[in-house]
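Here's the structure we're looking at; comments come further down.
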Amino acid sequence: MKTGSLLRDLQYRLEYATLRVVAGTFRSMPLPMATGFSAYAWRKLAPVINPKRHKRALDNLAIAFPEKTDEERERIALAHWENLGRIMVETMRIDRFLKEPERIEIVSQNIFSRYKDKLGAAVGVSLHMGNWELAILPFTWAGANPAAVYRSVTNPYVDAYLRYQRKDLYPDGLFGRGNVGDHGDDQRTARAIMDFVRRGGRLGLVCDLYDRSGIPVPFFGKDAKTQAIAAMIARRVGARIWLSRVKRIGKQSRFEIELKELRVPRTANQAEDIRWTMVHMQEQFEEWIREAPEQWMWSNRRWS
């Protein structure tokens, strides 16, 4: 092994060791204490440590809520950091949430009960809200053996650890975007997930961020390039689309999951059907965000 490769492997191992120490510390603490500490630290430190992302959050809030004052937008931005701090700890204990179902309520029980035994091929689409990792739980609890697409981590040791932590949440596995993971690059991943759903699989996606190769659709009154893969898959293979929103209740690790079916049109104009689906998907996301803006991830890129 060359010197450069050895140094890189050493760096990866140190990063992995650090992650395991941090995760072990938070997993050993009572959950309210761990999430409370992390939320406080993120609220105080994130704007200082990463001023670029804090400014992006404020800029995004100005686009979405021009009627609000600077002080109101600042409060939402700080609360969003606090929510992300809680998510960090909850993500390190994601396996334990599956053993404590009382923490999560599916508020759309009528929909869940009607379809859980006859889902067929399905695409579950969520947004970065509440704790979005849990958005797939209705599929998991229904015994639908979902899989999901996630952004692969360059560090192979960290990537393997994150996959292992989610093995019970996504029984059919994770499709990695990027150059790490079971399916390699994005193009191969796109083919793999299309085939997965075509065979009757249930796939989870998060579709509320900027995608430079995406289709511009309105979001809070301004066009935003948006990932089209969920609408494309559903339209081409005849799958259902289920929109899922995870909403945090109070400041504890308790959540409500809301489900809505988005009926995909299938006319002679496939491109227009895909765009219609994307527009209505983002309209629903916007409605949900307006209800609890402090729970959405404003610091991520959404508009170019």
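What follows is calculated from the coordinates using simple rules that are stated; it is not laboratory data. Just so it is clear, the model here is predicted, and its values are computed rather than measured. Every residue, glycine as well, gets a Cβ built from its backbone with ideal geometry; the counts of neighbours run over all protein chains shown.
Using only Cα positions of the stretch 139-291, each an equal point scatterer, no hydration layer, compute I(q)/I(0) via Debye at q = 0.13, 0.20 Å⁻¹ and quote the log10 values to two decimals. For the requested q values the scattering log ratios are -0.67, -1.46. In angstrom, the C-alpha Rg and Dmax of the stretch 208-289 are 14.0, 48.
Think of the stretch 81-226 as having a plus end and a minus end, set by charges on the Cβ of Lys, Arg, Asp and Glu; of Tyr157, Ile111, Val89, Ile111 sits farthest toward the positive end of this dipole. Our summary of shape: the Cα atoms of the stretch 1-92 have principal axis extents of 58, 36, 18 Å, ordered from largest down, in whole angstrom. In straight-distance terms, cross-link reach from Lys260 covers every one of the aspartates and glutamates whose alpha-carbon lies under 19 Å from its own, apart from those fewer than eight places away in the same chain; here that gives Glu105, Asp117, Glu133, Asp208, Asp273, Glu283, Glu286, Glu287, Glu291. Sequence-distant contacts, meaning Cα pairs under 8 Å at least 6 residues apart, place the relative contact order of the chain at 23 percent. Think of each Lys and Arg Cβ as +1 and each Asp and Glu Cβ as -1; about the Cα centre, that makes the dipole of the chain roughly 580 debye.
Dividing the summed helix terms, -39500 (n - 2.57) for each DSSP H run of n ≥ 4, by the number of residues in the chain produces a 222 nm estimate of -16000 deg cm²/dmol to the nearest 500. A compact globular protein would have a Cα radius of gyration near 2.2 N^0.38 Å; the ratio found for the chain is 1.01.
If eta is 0.890 mPa s and T is 25 °C, what Stokes-Einstein diffusion coefficient results for the stretch 56-148, Kirkwood Rh from Cα pairs, in µm²/s? The calculation lands on 155 µm²/s. Loop-located GluC sites (Glu not before Pro) across the stretch 1-81 with a Cβ neighbour count of 10 or fewer within 10 Å are Glu67, with loop assigned by DSSP.
Within the chain, which is the longest segment containing none of the trypsin sites (Lys or Arg not before Pro) that sit in a DSSP loop and have at most 12 other Cβ atoms within 10 Å?
On the way: sites that count: Lys2, Lys99, Lys118, Lys167, Arg199, Arg263, Arg266.
Counting at most 12 other Cβ atoms within 10 Å as exposed, the longest clean stretch of the chain is 3-98.
Take every DSSP beta bridge whose two residues both sit in the chain; close to 45 percent of them are antiparallel.
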